[in-house]
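Enquirer: Got a structure for you, written out below as C-alpha cells; questions coming shortly.
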Ligand SMILES: [Fe+2]
C-alpha cells in the first residue's frame, strides 16, 4: 500500500468542491490516505481525483475503504462481474442502453427514496462526450449544508422539525414530464420519510434534505403551502454561491457526500457516447 507521493488540495469555489492532487488510486491507498480524502470530502462536499486509471476491481477496493457498498437493485445494469458497480451510459448495444440513461437529470441526493440512502457516491469517468473540443454532460453540485446555514430563518423554521416524503414514483413522473428517459426499473419502491433537515453523521452540520427530483411533499403542510415552501427551498439552494459545476475528463474519480450535497446531471449530449462506473457507499464505516 502506498502512502502516496503528495497530497495537495485545490478548492474549486469558496464553499464547495476541491481537487485532490498527488494520489494514484490504482496503486492501492493506505487507510490513512483514504481518511485524509474523507476529511476533505466532508469539508468540501465533492472532491475529484483526476487522471486515474482504474479497473473495476480497483474502484471497488477504494470504495470499500470508504465504507460498506450498497449493491444496486438495478442488477442488469451492473458492470460485468462487478455487481457493486453500476454502468451509467447512453450507449446502445443489442437494442438497449448498456447503463442508466439520464441518471440524475433533476436535483437529487442519491438513494433518498430508499430507507437507507447512500452516504457517498463514487463515479469514475471512462468516456466523456465532446463537442467542438468542449466536454458535455457536466454534473452540478450544490452544498446543502451551506445552503441551510444561509436560509432565511422563517423558511428554516418551516422545515426544521418536519419530515419530507421521498418517492421513486414521483421522480419517474417528474422525469417523464420533463421529457427525460425514465429509469428502466420497476416502480415498486414504497415512499419513505426522512427529516427535511438532517444532521450530518460526522460533521454535525444541518443540511436541507428536500430535493426537486425526489421529494413529493413535506409532511404536515397542505398542498398550497407545500408548493410555496418547496419552490422557495428550490430557489434558495440553487443560488450560484452554493454550486460547483464539474466538467468531466476521462479518468476523473469523483466522490461526493450525499449528506452535504445535492447534484444534477446536465443532459446536453444527446446520442454522443458517455460511460461512467458508479458506486454507492451506504455509511462512513
Ligand atoms: Fe445521482
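The values are calculated or read from the model by the stated rules, or taken from the named source; none is laboratory data. Predicted, not measured: the structure shown is a model, and the values here were computed from it. Cβ: placed from backbone, ideal geometry, glycine included. Neighbour counts: every protein chain shown.
Enquirer: Kindly indicate the residue of the stretch 54-72 that is over 15 Å from residue 31 (Cα atoms) and under 17 Å from the mean Cα position of the chain (by Cα) and also surrounded by the fewest Cβ atoms within 10 Å (Cβ to Cβ) among those meeting that condition.
Expert: Step by step, filter the stretch 54-72, then rank; the result is 71.
Enquirer: Residues in the stretch 195-205: is at least one surrounded by 15 or more Cβ atoms within 10 Å (Cβ to Cβ) and within 16 Å of the ligand (Cβ to nearest atom)?
Expert: For the stretch 195-205, residues surrounded by 15 or more Cβ atoms within 10 Å (Cβ to Cβ) and within 16 Å of the ligand (Cβ to nearest atom): absent.
Enquirer: Restricting attention to the stretch 89-124, report how many residues are within 10 Å of the ligand (Cβ to nearest atom), modelled with pLDDT under 95 and more than 23 Å from residue 218 (Cβ to Cβ).
Expert: Qualifying residue count for the region: 2.
Enquirer: Here's something else I'd like to know. Quick one: which strands (runs of 3 or more DSSP E) lie wholly within the stretch 1-107 and hold at least 3 residues that are in contact with a helix residue (DSSP H, G or I) (Cβ under 6 Å, 6 or more places away or on another chain)?
Expert: Because the criterion is at least 3 residues that are in contact with a helix residue (DSSP H, G or I) (Cβ under 6 Å, 6 or more places away or on another chain), the strands (runs of 3 or more DSSP E) in the stretch 1-107 that meet it are 82-89.
Enquirer: Against the condition touching a residue at least 40 places away in the same chain (Cβ under 8 Å), away from the ligand (no atom under 16 Å from the Cβ) and crowded, with 21+ Cβ neighbours inside 10 Å, how does residue 233 come out, does it pass?
Expert: Here the answer is yes, as residue 233 does meet what is asked.
Enquirer: Could you list all residues from the stretch 98-133 that are closer than 25 Å to residue 54 by Cα, in contact (Cβ under 8 Å) with a residue 40 or more places away in the chain and out of contact with any strand residue (DSSP E or B) (no Cβ under 8 Å at 6 or more places or on another chain)?
Expert: 130
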